[in-house]
Amino acid sequence: VILLIVQRKGENLPDPKATIVKCQDQVGHALQDAIEGKTSEGKFYSIYDVDQSTFRSGGWLVLAPTEAAIDKRFANLPRLDEFLEVPQGLVSGADEVFILDNKVLPDDQPSLFVPLLRDREMQPYAVPKRTSQSVFFPFFNGVKVTEKLLRNDFPQTWAYLVKHRARLEKRKALARYRKAWWEPMWPREPKTLLRPKLVVPHLVIVPRFALDGRGRYAVSHSPFLIARVQSDEEQILKLMLAILNSTPCFWHIQTHSHVYQHGYTMLESKTLAKTPVPDINSWSSSDKKRLLGLVDKRLKADTQEREALNAEIDLFVSDAYGLDANERRALGLEEVLT
(Lines give C-alpha, C1' and ligand atoms only; values in the text may rest on other atoms or scores of the structure.)
Protein backbone atom coordinates (compact mmCIF):
# COMPACT_ATOMS: atom_id res chain seq x y z
CA VAL A 1 0.00 0.00 0.00
CA ILE A 2 1.34 3.43 -0.91
CA LEU A 3 0.10 6.83 0.24
CA LEU A 4 1.36 9.42 -2.28
CA ILE A 5 1.07 13.10 -1.30
CA VAL A 6 1.77 15.61 -4.07
CA GLN A 7 2.55 19.26 -3.32
CA ARG A 8 2.57 22.13 -5.82
CA LYS A 9 6.00 23.74 -6.15
CA GLY A 10 6.22 27.48 -5.55
CA GLU A 11 7.35 29.73 -8.39
CA ASN A 12 11.10 30.41 -8.75
CA LEU A 13 11.93 27.97 -5.96
CA PRO A 14 14.33 25.02 -6.17
CA ASP A 15 12.86 21.55 -6.29
CA PRO A 16 11.94 20.51 -2.75
CA LYS A 17 13.20 17.23 -1.33
CA ALA A 18 10.74 14.35 -1.34
CA THR A 19 10.16 12.83 2.09
CA ILE A 20 9.83 9.03 2.05
CA VAL A 21 8.26 7.05 4.89
CA LYS A 22 8.84 3.31 4.47
CA CYS A 23 6.79 1.64 7.16
CA GLN A 24 6.39 -1.98 8.26
CA ASP A 25 4.78 -1.19 11.63
CA GLN A 26 4.00 1.68 14.06
CA VAL A 27 2.34 3.76 11.36
CA GLY A 28 1.16 6.49 13.73
CA HIS A 29 4.64 7.06 15.17
CA ALA A 30 6.13 7.11 11.68
CA LEU A 31 3.71 9.73 10.36
CA GLN A 32 4.15 11.89 13.46
CA ASP A 33 7.94 11.81 13.08
CA ALA A 34 7.58 12.70 9.39
CA ILE A 35 5.32 15.66 10.20
CA GLU A 36 7.90 16.86 12.72
CA GLY A 37 10.66 16.63 10.13
CA LYS A 38 12.57 13.80 11.81
CA THR A 39 14.60 11.26 9.83
CA SER A 40 15.37 7.74 11.01
CA GLU A 41 16.26 4.22 9.92
CA GLY A 42 14.77 1.53 12.15
CA LYS A 43 13.33 -1.94 12.22
CA PHE A 44 9.71 -0.76 12.00
CA TYR A 45 10.00 2.34 9.81
CA SER A 46 12.48 4.56 7.99
CA ILE A 47 12.10 8.25 7.17
CA TYR A 48 14.45 9.93 4.71
CA ASP A 49 14.64 12.60 2.01
CA VAL A 50 15.51 12.04 -1.65
CA ASP A 51 16.03 14.37 -4.61
CA GLN A 52 13.28 14.83 -7.16
CA SER A 53 15.64 13.39 -9.78
CA THR A 54 14.93 9.98 -8.25
CA PHE A 55 11.52 10.02 -9.97
CA ARG A 56 12.63 10.99 -13.47
CA SER A 57 13.50 7.49 -14.64
CA GLY A 58 11.04 4.90 -15.92
CA GLY A 59 11.20 2.89 -12.68
CA TRP A 60 11.49 4.24 -9.16
CA LEU A 61 14.04 2.66 -6.83
CA VAL A 62 13.61 4.61 -3.60
CA LEU A 63 15.91 3.30 -0.88
CA ALA A 64 16.87 4.47 2.59
CA PRO A 65 20.39 5.99 2.75
CA THR A 66 22.08 2.84 4.07
CA GLU A 67 20.33 0.61 1.53
CA ALA A 68 21.13 3.08 -1.25
CA ALA A 69 24.81 2.92 -0.30
CA ILE A 70 24.70 -0.90 -0.37
CA ASP A 71 22.99 -0.90 -3.77
CA LYS A 72 25.59 1.50 -5.16
CA ARG A 73 28.46 -0.68 -3.95
CA PHE A 74 26.81 -3.86 -5.23
CA ALA A 75 26.73 -2.27 -8.70
CA ASN A 76 30.50 -2.80 -8.93
CA LEU A 77 30.30 -6.57 -8.32
CA PRO A 78 30.18 -9.31 -10.98
CA ARG A 79 26.75 -10.26 -12.30
CA LEU A 80 25.19 -13.67 -11.81
CA ASP A 81 25.19 -14.33 -15.55
CA GLU A 82 29.01 -14.35 -15.51
CA PHE A 83 28.76 -17.69 -13.69
CA LEU A 84 25.30 -19.07 -14.54
CA GLU A 85 22.89 -19.00 -17.46
CA VAL A 86 19.29 -18.24 -16.50
CA PRO A 87 16.83 -19.71 -19.04
CA GLN A 88 13.11 -20.10 -18.49
CA GLY A 89 11.46 -23.46 -17.89
CA LEU A 90 9.40 -25.21 -20.52
CA VAL A 91 6.15 -23.65 -21.71
CA SER A 92 3.68 -26.20 -23.10
CA GLY A 93 0.83 -23.95 -24.20
CA ALA A 94 -1.64 -26.50 -22.79
CA ASP A 95 -0.62 -27.54 -19.28
CA GLU A 96 -3.97 -29.21 -18.66
CA VAL A 97 -3.12 -31.74 -21.42
CA PHE A 98 0.64 -32.11 -21.20
CA ILE A 99 0.95 -32.26 -17.39
CA LEU A 100 -0.47 -35.38 -15.73
CA ASP A 101 -0.58 -36.99 -12.31
CA ASN A 102 1.86 -39.87 -12.17
CA LYS A 103 -0.99 -42.29 -11.43
CA VAL A 104 -2.58 -41.76 -14.85
CA LEU A 105 0.44 -41.61 -17.17
CA PRO A 106 0.31 -43.57 -20.46
CA ASP A 107 1.79 -47.05 -20.03
CA ASP A 108 4.54 -46.76 -22.65
CA GLN A 109 7.97 -47.88 -21.48
CA PRO A 110 10.23 -46.05 -21.77
CA SER A 111 8.08 -43.02 -21.12
CA LEU A 112 8.13 -39.66 -22.85
CA PHE A 113 6.94 -38.06 -19.61
CA VAL A 114 9.55 -36.70 -17.18
CA PRO A 115 9.06 -35.74 -13.52
CA LEU A 116 7.82 -32.17 -13.08
CA LEU A 117 8.84 -30.05 -10.10
CA ARG A 118 6.05 -27.55 -9.49
CA ASP A 119 6.61 -24.21 -7.78
CA ARG A 120 4.68 -25.27 -4.68
CA GLU A 121 7.00 -28.27 -4.22
CA MET A 122 10.19 -26.19 -4.21
CA GLN A 123 11.85 -25.50 -0.87
CA PRO A 124 15.23 -23.90 -0.05
CA TYR A 125 18.35 -25.92 -0.90
CA ALA A 126 17.09 -29.49 -1.48
CA VAL A 127 14.57 -30.75 -4.03
CA PRO A 128 12.09 -33.47 -2.97
CA LYS A 129 12.90 -37.14 -3.56
CA ARG A 130 9.83 -37.51 -5.76
CA THR A 131 7.00 -35.44 -7.19
CA SER A 132 3.36 -36.16 -7.97
CA GLN A 133 3.20 -35.02 -11.61
CA SER A 134 5.06 -35.44 -14.90
CA VAL A 135 5.11 -33.50 -18.15
CA PHE A 136 5.18 -34.69 -21.77
CA PHE A 137 8.72 -34.15 -23.03
CA PRO A 138 9.04 -35.09 -26.73
CA PHE A 139 12.66 -36.27 -26.70
CA PHE A 140 14.08 -39.80 -26.74
CA ASN A 141 17.78 -40.45 -26.16
CA GLY A 142 18.35 -36.70 -26.41
CA VAL A 143 16.73 -36.37 -29.85
CA LYS A 144 13.34 -34.85 -30.60
CA VAL A 145 10.76 -37.48 -31.52
CA THR A 146 8.89 -37.51 -34.82
CA GLU A 147 5.22 -38.22 -35.35
CA LYS A 148 6.15 -41.56 -36.97
CA LEU A 149 8.19 -42.58 -33.91
CA LEU A 150 5.38 -41.49 -31.60
CA ARG A 151 2.81 -43.59 -33.47
CA ASN A 152 4.98 -46.72 -33.69
CA ASP A 153 7.00 -46.80 -30.46
CA PHE A 154 4.78 -44.90 -28.02
CA PRO A 155 1.22 -45.98 -28.94
CA GLN A 156 -0.34 -45.22 -25.54
CA THR A 157 1.10 -41.71 -25.50
CA TRP A 158 -0.01 -41.15 -29.10
CA ALA A 159 -3.54 -42.33 -28.27
CA TYR A 160 -3.66 -39.92 -25.33
CA LEU A 161 -2.55 -36.99 -27.51
CA VAL A 162 -5.06 -37.87 -30.24
CA LYS A 163 -7.81 -37.88 -27.63
CA HIS A 164 -6.99 -34.24 -26.86
CA ARG A 165 -6.21 -33.16 -30.42
CA ALA A 166 -9.07 -30.66 -30.64
CA ARG A 167 -7.81 -28.79 -27.58
CA LEU A 168 -4.20 -28.83 -28.74
CA GLU A 169 -5.09 -27.53 -32.21
CA LYS A 170 -6.77 -24.46 -30.70
CA ARG A 171 -3.41 -23.00 -29.64
CA LYS A 172 -3.01 -19.81 -31.67
CA ALA A 173 0.78 -19.90 -31.69
CA LEU A 174 1.04 -23.25 -33.52
CA ALA A 175 1.16 -21.81 -37.02
CA ARG A 176 3.30 -18.85 -36.06
CA TYR A 177 6.02 -21.06 -34.61
CA ARG A 178 5.52 -23.93 -37.08
CA LYS A 179 4.70 -26.52 -34.43
CA ALA A 180 2.85 -29.79 -34.98
CA TRP A 181 -0.47 -30.00 -33.14
CA TRP A 182 0.89 -32.59 -30.65
CA GLU A 183 4.02 -30.62 -29.66
CA PRO A 184 4.50 -28.51 -26.53
CA MET A 185 5.26 -24.94 -27.59
CA TRP A 186 8.68 -24.47 -25.96
CA PRO A 187 9.88 -27.70 -24.32
CA ARG A 188 13.60 -26.79 -24.02
CA GLU A 189 16.41 -29.09 -25.07
CA PRO A 190 17.27 -32.01 -22.74
CA LYS A 191 20.90 -30.86 -22.57
CA THR A 192 19.65 -27.55 -21.13
CA LEU A 193 16.70 -28.61 -18.98
CA LEU A 194 17.61 -32.09 -17.74
CA ARG A 195 21.05 -31.36 -16.30
CA PRO A 196 22.32 -30.26 -12.87
CA LYS A 197 20.73 -26.91 -12.09
CA LEU A 198 19.27 -24.57 -9.52
CA VAL A 199 15.50 -24.21 -9.47
CA VAL A 200 13.29 -21.56 -7.91
CA PRO A 201 9.54 -20.74 -7.95
CA HIS A 202 8.26 -17.99 -10.22
CA LEU A 203 6.67 -16.17 -7.25
CA VAL A 204 8.40 -16.07 -3.86
CA ILE A 205 8.20 -14.32 -0.50
CA VAL A 206 11.42 -15.78 0.90
CA PRO A 207 14.38 -17.29 -1.00
CA ARG A 208 13.63 -20.82 -2.22
CA PHE A 209 16.50 -21.70 -4.52
CA ALA A 210 17.18 -25.44 -4.57
CA LEU A 211 19.74 -27.77 -6.14
CA ASP A 212 18.59 -30.40 -8.63
CA GLY A 213 22.02 -32.01 -8.63
CA ARG A 214 21.17 -34.88 -10.97
CA GLY A 215 19.01 -32.92 -13.41
CA ARG A 216 16.02 -35.14 -12.72
CA TYR A 217 13.25 -32.59 -12.91
CA ALA A 218 11.63 -30.43 -15.54
CA VAL A 219 10.30 -27.03 -14.46
CA SER A 220 7.52 -25.07 -16.12
CA HIS A 221 7.51 -21.28 -16.67
CA SER A 222 9.83 -20.51 -13.73
CA PRO A 223 13.50 -19.65 -14.31
CA PHE A 224 16.28 -22.14 -13.64
CA LEU A 225 20.03 -21.71 -13.47
CA ILE A 226 22.80 -23.77 -15.07
CA ALA A 227 26.58 -23.41 -14.85
CA ARG A 228 28.35 -21.78 -17.78
CA VAL A 229 31.39 -24.01 -17.23
CA GLN A 230 30.58 -27.69 -16.78
CA SER A 231 34.06 -28.60 -15.50
CA ASP A 232 33.31 -27.04 -12.08
CA GLU A 233 29.55 -27.40 -12.39
CA GLU A 234 28.75 -28.87 -8.97
CA GLN A 235 30.99 -26.45 -7.09
CA ILE A 236 29.68 -23.36 -8.89
CA LEU A 237 26.06 -24.41 -8.38
CA LYS A 238 26.55 -25.02 -4.65
CA LEU A 239 28.37 -21.73 -4.08
CA MET A 240 25.69 -19.81 -5.96
CA LEU A 241 22.98 -21.74 -4.12
CA ALA A 242 24.29 -20.33 -0.83
CA ILE A 243 24.63 -16.81 -2.23
CA LEU A 244 21.16 -16.71 -3.82
CA ASN A 245 19.49 -17.99 -0.63
CA SER A 246 21.32 -15.43 1.52
CA THR A 247 19.64 -12.35 2.95
CA PRO A 248 21.88 -9.77 1.18
CA CYS A 249 21.44 -11.32 -2.27
CA PHE A 250 17.71 -11.87 -1.90
CA TRP A 251 17.33 -8.28 -0.65
CA HIS A 252 18.80 -7.09 -3.95
CA ILE A 253 16.61 -9.48 -5.96
CA GLN A 254 13.46 -8.22 -4.22
CA THR A 255 14.52 -4.59 -4.52
CA HIS A 256 15.00 -4.85 -8.28
CA SER A 257 12.07 -7.14 -9.14
CA HIS A 258 8.33 -6.65 -9.48
CA VAL A 259 6.51 -7.09 -6.16
CA TYR A 260 2.89 -8.23 -6.19
CA GLN A 261 0.03 -8.56 -3.73
CA HIS A 262 0.86 -10.00 -0.30
CA GLY A 263 4.58 -9.30 -0.82
CA TYR A 264 5.24 -11.89 -3.55
CA THR A 265 8.25 -11.17 -5.76
CA MET A 266 8.18 -12.19 -9.43
CA LEU A 267 11.47 -13.83 -10.43
CA GLU A 268 12.28 -13.38 -14.11
CA SER A 269 15.29 -14.66 -16.01
CA LYS A 270 16.47 -11.26 -17.27
CA THR A 271 16.29 -9.73 -13.78
CA LEU A 272 17.98 -12.63 -12.00
CA ALA A 273 20.80 -12.68 -14.53
CA LYS A 274 21.84 -9.14 -13.53
CA THR A 275 21.95 -9.86 -9.79
CA PRO A 276 25.31 -8.80 -8.30
CA VAL A 277 27.21 -11.59 -6.54
CA PRO A 278 30.57 -11.82 -4.76
CA ASP A 279 33.45 -12.73 -7.06
CA ILE A 280 33.90 -16.40 -6.19
CA ASN A 281 36.91 -16.58 -8.54
CA SER A 282 38.84 -14.38 -6.11
CA TRP A 283 38.09 -16.56 -3.08
CA SER A 284 40.76 -18.75 -1.52
CA SER A 285 40.36 -22.52 -1.77
CA SER A 286 39.82 -22.64 2.00
CA ASP A 287 36.95 -20.12 1.80
CA LYS A 288 35.30 -22.11 -0.99
CA LYS A 289 35.77 -25.34 0.93
CA ARG A 290 34.21 -23.80 4.05
CA LEU A 291 31.09 -22.56 2.24
CA LEU A 292 30.75 -25.82 0.29
CA GLY A 293 30.86 -27.68 3.59
CA LEU A 294 28.06 -25.51 4.99
CA VAL A 295 25.96 -26.08 1.86
CA ASP A 296 26.48 -29.85 2.05
CA LYS A 297 25.35 -29.81 5.68
CA ARG A 298 22.33 -27.67 4.80
CA LEU A 299 21.32 -30.03 1.99
CA LYS A 300 21.15 -32.93 4.45
CA ALA A 301 19.99 -31.03 7.56
CA ASP A 302 16.85 -31.88 9.46
CA THR A 303 14.39 -29.16 10.47
CA GLN A 304 16.10 -28.35 13.78
CA GLU A 305 19.53 -27.76 12.21
CA ARG A 306 18.44 -25.62 9.29
CA GLU A 307 18.00 -22.32 11.11
CA ALA A 308 21.51 -22.32 12.56
CA LEU A 309 23.05 -23.28 9.22
CA ASN A 310 21.06 -20.57 7.42
CA ALA A 311 22.45 -18.00 9.86
CA GLU A 312 26.02 -19.25 9.43
CA ILE A 313 25.72 -19.12 5.64
CA ASP A 314 24.18 -15.63 5.90
CA LEU A 315 27.16 -14.45 7.95
CA PHE A 316 29.66 -15.90 5.47
CA VAL A 317 27.93 -14.35 2.45
CA SER A 318 27.49 -11.00 4.22
CA ASP A 319 31.25 -10.91 4.77
CA ALA A 320 31.79 -11.82 1.11
CA TYR A 321 29.59 -8.86 0.11
CA GLY A 322 31.63 -6.63 2.45
CA LEU A 323 28.70 -5.56 4.64
CA ASP A 324 29.49 -3.84 7.94
CA ALA A 325 27.41 -4.18 11.12
CA ASN A 326 25.19 -1.18 10.31
CA GLU A 327 24.48 -2.43 6.80
CA ARG A 328 23.60 -5.88 8.10
CA ARG A 329 21.12 -4.35 10.50
CA ALA A 330 19.56 -2.38 7.64
CA LEU A 331 18.93 -5.69 5.84
CA GLY A 332 17.51 -7.36 8.97
CA LEU A 333 20.58 -9.38 9.89
CA GLU A 334 20.91 -8.55 13.61
CA GLU A 335 20.56 -12.22 14.51
CA VAL A 336 23.81 -13.19 12.74
CA LEU A 337 25.99 -10.34 13.97
CA THR A 338 27.39 -12.48 16.73
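The values are calculated or read from the model by the stated rules, or taken from the named source; none is laboratory data. This one's a predicted model, so the numbers in the text were calculated from it and none came from an experiment. All Cβ positions, even for glycine, are placed from backbone atoms using ideal geometry, and neighbour counts span all protein chains on display. Surface accessibility is based on the protein's heavy atoms, side chains included, excluding ligands, DNA and RNA. Shrake-Rupley method; radii C 1.70, N 1.55, O 1.52, S 1.80 Å.
Do we have Thr157 as within 30 Å of Glu268 (Cα to Cα) and β-branched (Val, Ile, Thr) here? Give the derivation first.
On the way: within 30 Å of Glu268 (Cα to Cα): no; β-branched (Val, Ile, Thr): yes.
No, not satisfied.
May I ask you to list pairs of residues, at least six apart or on different chains, whose Cβ atoms are under 8 Å apart, with the first in the stretch 17-42 being part of a strand (DSSP E or B) and the second being charged (D, E, K, R) and open to solvent by 50 Å² or more (accessible area, probe 1.4 Å)?
Going by the 8 Å Cβ cut-off, the qualifying pairs are Ala18/Asp49; Ala18/Asp51; Thr19/Asp49; Ile20/Asp49.
Determine whether the stretch 275-289 contains at least one residue that is among the hydroxyl-bearing types (Ser, Thr, Tyr), surrounded by 11 or more Cβ atoms within 10 Å (Cβ to Cβ) and in a helix (DSSP H, G or I).
Applying the first criterion (among the hydroxyl-bearing types (Ser, Thr, Tyr)) to the stretch 275-289 yields 275, 282, 284-286.
Then keep just the ones that are surrounded by 11 or more Cβ atoms within 10 Å (Cβ to Cβ); that gives 275.
Next, only the ones that are in a helix (DSSP H, G or I) stay: none.
No, that holds for no residue.
Read through the list (1) touching a helix residue (DSSP H, G or I) at 6+ places or on another chain (Cβ under 7 Å); (2) touching a residue at least 60 places away in the same chain (Cβ under 8 Å), then give the number of the only condition that Val200 fails.
Result: Val200 passes all but (1).
Only one of Gly59, Gly142 is of a type outside the set (Asp, Glu), over 27 Å from Pro207 (Cβ atoms) and open to solvent by 40 Å² or more (accessible area, probe 1.4 Å); which?
On the way: Gly59 fails: over 27 Å from Pro207 (Cβ atoms).
Sole residue among the options that is of a type outside the set (Asp, Glu), over 27 Å from Pro207 (Cβ atoms) and open to solvent by 40 Å² or more (accessible area, probe 1.4 Å): Gly142.
Go through the stretch 295-338 residue by residue and tally those that are surrounded by 15 or more Cβ atoms within 10 Å (Cβ to Cβ), over 21 Å from the mean Cα position of the chain (by Cα) and farther than 28 Å from Ser46 by Cα.
2
Taking Ser231, is it open to solvent by 10 Å² or more (accessible area, probe 1.4 Å), modelled with pLDDT of 95 or more, of a type outside the set (Asp, Glu) and part of a helix (DSSP H, G or I)?
Numbers: open to solvent by 10 Å² or more (accessible area, probe 1.4 Å): yes; modelled with pLDDT of 95 or more: no; of a type outside the set (Asp, Glu): yes; part of a helix (DSSP H, G or I): yes.
Spelling it out, it is not the case that Ser231 is open to solvent by 10 Å² or more (accessible area, probe 1.4 Å), modelled with pLDDT of 95 or more, of a type outside the set (Asp, Glu) and part of a helix (DSSP H, G or I).
If you scan the stretch 234-263, which residues turn out to be surrounded by 15 or more Cβ atoms within 10 Å (Cβ to Cβ), in a loop (DSSP other than H, G, I, E, B) and not small (Gly, Ala, Ser)?
Selection gives Asn245, His256.
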